[in-house]
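Data block below; observations after.
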């Protein structure tokens with residue numbers, strides 16, 4: 001696996017762990033994947049605030065160098 005791909009996988013893993021450590025149950029259930037060079041957050045939460053909080057947790061882990069696509073749905 002090329003170094004750049006391993007780095008992207010590591011960022012995805014760090015982002016997933018950040019969500020898993022959240023004190024908010026809805027956020028812990030979200031998934032993080034890679035697609036077309038982006039980090040993609042998916043799943044559903046009960047409020048727009050939780051959607052934004054999840055995005056901020058992921059951004060804190062992957063830094064501003066990656067594109068983060070927030071596909072989380074609010075129920």
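Read the figures in this text as sums done on the coordinates, not as results from a lab. Computed from a predicted model, the values in this text were never measured in an experiment. Cβ coordinates were reconstructed from backbone atoms using ideal geometry, including for glycine residues, and neighbour counts include every protein chain displayed.
Miscellaneous remarks
- Each peptide in 35-46, 50-61 receives the mean, over its residues, of other Cβ atoms within 10 Å, and ordering these scores from highest gives 50-61, 35-46.
- Modelled FRET efficiency - R0 30 Å, residue 21 with residue 74, Cβ distances, 0.05 increments: 0.90
- Each label point was placed 7 Å from the Cα along the Cα-to-Cβ direction; for residue 14 and residue 49 their separation is 2.8 nm.
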